[in-house]
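The values are calculated or read from the model by the stated rules, or taken from the named source; none is laboratory data. Fair warning: this is a prediction, and the values are worked out from it, not measured in the lab. So basically every Cβ, Gly included, is an ideal-geometry build from the backbone, and we count neighbours across all protein chains shown.
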Ligand SMILES: Nc1nc2c(ncn2[C@@H]2O[C@H](COP(=O)(O)OP(=O)(O)O)[C@@H](O)[C@H]2O)c(=O)[nH]1
Ligand SMILES: [Mg+2]
């Protein structure tokens, strides 16, 4: 499931598909961020990730460039660090999430960043998201991790960084757009990435569009 | 321990494919599932290894202090299977993958060719397995008159329908033997060999004289033919990108998505019983890359489903399995396609037992970089059979090695014992799977899955159809 780039119907149009994984401690809001990004919804009483572990969302960077994310949520397997290697395999980008009101969740995030740097693609793009910013907007004393501290760590580790709220949607789109801009659209035909959609077997009941997103209405 | 439930409907031990399919399906059925593996990786015996791990699994293959894997490029470009198996394109496992939408997590490539060997030694012929009446007429495996007889046989198989007696051609398949069928069409011994072994995929000749086995044989030949039709010009087999190890992982993911809990690196310390039936487990989860003691926990369970290695420790007095055969296997790394396979990037070659004076067939499964299991320019060939002697195993596999030409690296050990459970599990509610057998595909694995389900749940397993499941968010 590596990235795919193809030229669309219009001359100069580009379409690329990337695999994105989410990591972070339980309950920091990984699934909520995905739900906000994909469906523009938020649910206060979401219990768990059930039924939402594989989603896709497309964003247009400009008139000619469309990026499609194939999003893998962790389905709760992160609890005992028992993620299957297939989860990281070929991931082009990762969002590592912590909860800005829970100090320990940043430590967990740091250990996931390490794990990614060890296990995943060498060129993986990692973004750090300090989630639940809405909680400190109302009660500043709830903040457990300062923006400056997290920013410093992100810079040092070479990560993109945003403070987000899945609840209010603050910075959610910005986060995914920043990742899309950093992805190597230009050399997506290089090693480890596929220039053309695979010719192989397609067993998927509804294969996700790989030919210009199927967006051609002509 | 955090979030662990006090009781589960089922605890599964070992994350091989059999257990992972069951845990995926049972999780979809909203059973409370805890799935444990003593290893730090998924897949058990059905895992795929990188090149360094492969060398280390076969310590006799290199001298101490050497690092022979260094010359094989990036270690993680290698995903070498431990069990040599392929999927039938139209088989039960493929259908299960599609119905449960596990195909979201794993991609497949066809295996290019399916071949069979006629004769032995220097005069052996390796040729494509003909699967259609028209192909039979072109096959170098048969002489002119035999081609025509085989064509008539294939036409009869193709048209055979259980519900339509006019297609029986005067044969009562539920009563007669396959020998009677072959006799009726006047087929020669070598033709029977490739039909029975390379198409019906029997490993021995026991099926020929078994009364009533003709129907199953015809079913198997039809499955072969239907699988070939899936990807015309290719073999009836498909294979997952990145190796077979992807299969258990993707069913594990289905389970986790549906609420199943996964714990790797976890040892079972004790199985608890009440009134002769299993009631719970005590276990220790080790902390990765640390020498600390790990975390002990216990939980109750109504049932255990386990691979045979979890109930085979004579020291603990918990032996619930018996050895039924020994699998001989050699993993070979090549830098060229295999001769007589039309330079295919992948193939299966079957050497029927009688062609080389054996009782069990020899299988060769070949995959390469198109399947993302090795860097470009390499081929992985696994030669396997059921061991027939007490030693000289190398000689038993030799007809297979003869097909491969120059071999860069050969990984081989003493034969691997294959286990089956002693009991069906209904007495103690511990249901044990079979080891991955010597067949070249997964049809017997899904048979075992269905059998375990029947024993454990008291009814037939129905593979849930999740293709139209409205609960799945975001599938455009
Ligand atoms: N206030 C607030 N709550 C959030 C936010 N994101 C998630 N939550 C809540 O945090 C809990 C855990 O969220 P979830 O997405 O399931 O976390 P996950 O385990 O990391 O996937 C749920 O009760 C969410 O409603 C946020 O941005 N603000
Ligand atoms: Mg979640």
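Here is how the numbers come out for the structure above:
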item: Qualifying residue in segment B:388-411 (condition: within 20 Å of residue B:85 (Cα to Cα), in a loop (DSSP other than H, G, I, E, B) and not assigned by TED's automatic domain parsing to the domain that holds residue B:52); result: no
item: Residue among B:132, B:118, B:128 that is at pLDDT below 90 and either surrounded by 15 or more Cβ atoms within 10 Å (Cβ to Cβ) or more than 14 Å from chain A (Cβ to nearest Cβ) (or both); result: B:132
item: Test for residue B:100: is it within 14 Å of another protein chain (Cβ to nearest Cβ), out of contact with any strand residue (DSSP E or B) (no Cβ under 6 Å at 6 or more places or on another chain) and touching a residue at least 12 places away in the same chain (Cβ under 8 Å); result: yes
item: Hits in segment B:398-413 (condition: farther than 14 Å from residue B:339 by Cβ and over 23 Å from the mean Cα position of the chain (by Cα)); result: B:408, B:409
item: Strands (runs of 3 or more DSSP E) enclosed by segment B:31-133 - at least 2 residues per element that are in the same structural domain as residue B:245 (by TED's automatic domain parsing) and closer than 27 Å to residue A:81 by Cα; result: B:33-36
item: Residues of segment B:105-122 classified as closer than 30 Å to residue B:255 by Cα and without any contact (Cβ under 8 Å) to a residue 24 or more places away in the chain, total; result: 0
item: Hits in segment B:183-214 (condition: more than 20 Å from residue B:352 (Cα to Cα) and at pLDDT below 95); result: B:211, B:212
item: Candidates B:286, B:258, filtered to the one that is farther than 27 Å from residue B:85 by Cβ and within 14 Å of chain A (Cβ to nearest Cβ); result: B:286
item: Elements of type strands (runs of 3 or more DSSP E) contained in segment A:1-93, each with 3 or more residues being more than 14 Å from ligand 1 (Cβ to nearest atom) and either surrounded by fewer than 20 Cβ atoms within 10 Å (Cβ to Cβ) or at pLDDT 85 or above (or both); result: A:14-23, A:54-62, A:65-72
item: From B:352, B:375, residue being out of contact with any strand residue (DSSP E or B) (no Cβ under 6 Å at 6 or more places or on another chain) and surrounded by 24 or more Cβ atoms within 10 Å (Cβ to Cβ); result: B:352
item: Any hit, segment B:425-439, residues being without any contact (Cβ under 8 Å) to a residue 60 or more places away in the chain and either on the phi < 0 side of the Ramachandran plot or surrounded by 18 or more Cβ atoms within 10 Å (Cβ to Cβ) (or both); result: yes
item: Selected residue (only one of B:280, B:276, B:243 is within 30 Å of residue B:132 (Cα to Cα) and out of contact with any helix residue (DSSP H, G or I) (no Cβ under 6 Å at 6 or more places or on another chain)); result: B:243
item: Cβ-Cβ under 6 Å pairs, at least 6 apart or on other chains, segment B:84-96 side within 12 Å of chain A (Cβ to nearest Cβ), far side assigned to a strand (DSSP E or B); result: B:87/B:238; B:89/B:238; B:93/B:87; B:94/B:87
item: Some residue of segment B:307-319 being touching a strand residue (DSSP E or B) at 6+ places or on another chain (Cβ under 9 Å), within 14 Å of another protein chain (Cβ to nearest Cβ) and buried (at least 24 other Cβ atoms within 10 Å of the Cβ); result: no
item: The one condition in (1) within 14 Å of another protein chain (Cβ to nearest Cβ); (2) under 18 Å from residue A:179 (Cα atoms); (3) within 16 Å of ligand 2 (Cβ to nearest atom) that residue A:121 fails to fulfil; result: (3)
item: Search result, residues across segment B:136-178 that are within 17 Å of residue B:194 (Cα to Cα) and part of a loop (DSSP other than H, G, I, E, B); result: B:139, B:140, B:141, B:142, B:143
